[in-house]
Amino acid sequence: MSTPPTAADKTGPLAGIRLIEMAGLGPVPLAALMLSEMGADVLRIERADAKEPLLSLPEAHDLDRHGRSILRLDLKRPDGAELLLRLAEKADVLIEGFRPGVMERLGLGPDVVLEGNPALIYGRLTGFGQDGPLSRRAGHDITYLAYAGLLHAVGRQGAPPVPPLNLVADQGGGAMMLIAGVLAALFQRSRTGKGQVIDAAMVEGASMLAAPIHAFMAAGLWSERRGENLLDSGAPFYDVYEAADGRHVAIGCLEPQFFGEFARLLPLDRRFVGSQYDRTSWPDMRAAIAARIREKTRDEWAEAFGPT
């Protein structure tokens with residue numbers, strides 16, 4: 001991996017912002033990476049006795065360390081914690097993803113750190129929040145999705161739920177919500193001069209991402225049964241089909257004008273165009289689409305639909 005750029009070399013909307021990243025796994029490193037790519041000068045604090053992670057990547061592909069300066073500290077030693085406090089006095093942002101109470105036990109909680117630098121943005125990310133009955137439990141993306149009730153909705157009709165990689169709770173509800181909070185706090189600080197604590201939780205962030213689905217459900221427009229809705233493979237015009245070569249084609253044409261163009265190019269029996277949202281026609285429509293997609297390879301379909 002190349003030497004990280006110096007603060008003077010970095011460009012972007014966050015150029016000049018100094019960020020301390022407390023090394024961890026998952027969404028906090030992704031948040032640090034994205035803020036670094038926006039121009040922030042990121043210093044990653046790693047444990048002096050850090051072990052190799054469960055999924056260890058070659059240096060050239062290790063995005064958890066890309067674009068950062070690295071400093072190893074033993075924060076259990078008074079001199080290590082004192083050095084971090086001095087670094088935080090000159091920083092704009094600090095982000096951490098430890099379980100609740102860890103930073104406080106090290107003498108590095110937000111009350112202590114903000115006393116030395118009232119303008120600091122102190123970003124925290126946990127699975128279940130800083131307090132409450134689940135706050136001290138460990139978890140992963142699949143855990144938070146299950147508790148939020150979202151895992152139930154992902155999968156096909158008659159089949160078990162399917163984990164959507166770790167994109168929803170870890171990266172969407174975690175990293176993206178943390179970034180949004182940090183950016184909003186930096187904007188507010190530009191007007192007030194004061195920092196603040198950003199407290200994000202993955203189970204809450206994932207639930208927020210599902211707000212439109214909850215609205216559909218409350219309005220009676222979404223079924224709790226998997227694979228029966230517009231965006232969960234229930235609609236034949238929003239699904240994945242196998243091509244002649246065993247590869248797959250993603251079909252997404254929700255709007256009538258797009259479905260009409262899709263039907264023209266496939267081609268699909270025109271009787272389906274006028275009944276796109278008639279659910280009684282969906283089984284026959286799905287069978288017709290599947291039969292047509294199997295007639296050509298994935299690349300042939302990509303060429304056919306590429307210009308539209």
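The values are calculated or read from the model by the stated rules, or taken from the named source; none is laboratory data. Quantities reported herein were computed from a predicted structural model and do not represent experimental measurements. In this analysis, Cβ positions are derived from the backbone assuming ideal geometry, glycine residues included, and neighbour counts consider all displayed protein chains.
Summed over the stretch 96-141, residues that are hydrophobic (A, V, I, L, M, F, W, C), under 19 Å from GLN171 (Cα atoms) and out of contact with any helix residue (DSSP H, G or I) (no Cβ under 6 Å at 6 or more places or on another chain) total 2.
When the residues of the stretch 121-162 are filtered to those that are of a type in the set (Val, Ile, Thr) and free of Cβ contacts under 8 Å to residues at least 60 places away in the same chain, the one that is surrounded by the fewest Cβ atoms within 10 Å (Cβ to Cβ) is VAL162.
Taking each residue of the stretch 227-249 that is more than 19 Å from TRP301 (Cβ to Cβ) and looking for partners that are charged (D, E, K, R) with beta-carbon atoms closer than 7 Å, six or more apart or interchain, yields GLY227/ARG156; ASP232/ARG226; GLY234/GLU228.
For the stretch 252-268, does any single residue satisfy the condition of being within 24 Å of the chain's Cα centre (by Cα) and either in the same structural domain as PRO160 (by TED's automatic domain parsing) or closer than 29 Å to LEU150 by Cβ (or both)?
Yes: one or more hits.
Of the helices (runs of 4 or more DSSP H) lying entirely inside the stretch 256-308, those carrying at least 3 residues that are at pLDDT 95 or above, of a type in the set (A, V, I, L, M) and under 19 Å from GLY227 (Cβ atoms) are 282-293. Please work out if ILE95 is under 20 Å from the mean Cα position of the chain (by Cα) and in a helix (DSSP H, G or I). It is false that ILE95 is under 20 Å from the mean Cα position of the chain (by Cα) and in a helix (DSSP H, G or I). On the stretch given as the stretch 81-99, residues that are touching a residue at least 12 places away in the same chain (Cβ under 8 Å) and either surrounded by 19 or more Cβ atoms within 10 Å (Cβ to Cβ) or hydrophobic (A, V, I, L, M, F, W, C) (or both) total 13.
In the stretch 100-119, what residues are in contact with an Asp or Glu (Cβ under 7 Å, 6 or more places away or on another chain) and either crowded, with 22+ Cβ neighbours inside 10 Å or in a helix (DSSP H, G or I) (or both)? Within the stretch 100-119, MET103, GLY116 meet the criteria. Summed over the stretch 187-226, the residues that are under 23 Å from the mean Cα position of the chain (by Cα), free of Cβ contacts under 8 Å to residues at least 12 places away in the same chain and closer than 20 Å to PRO110 by Cα give a count of 1.
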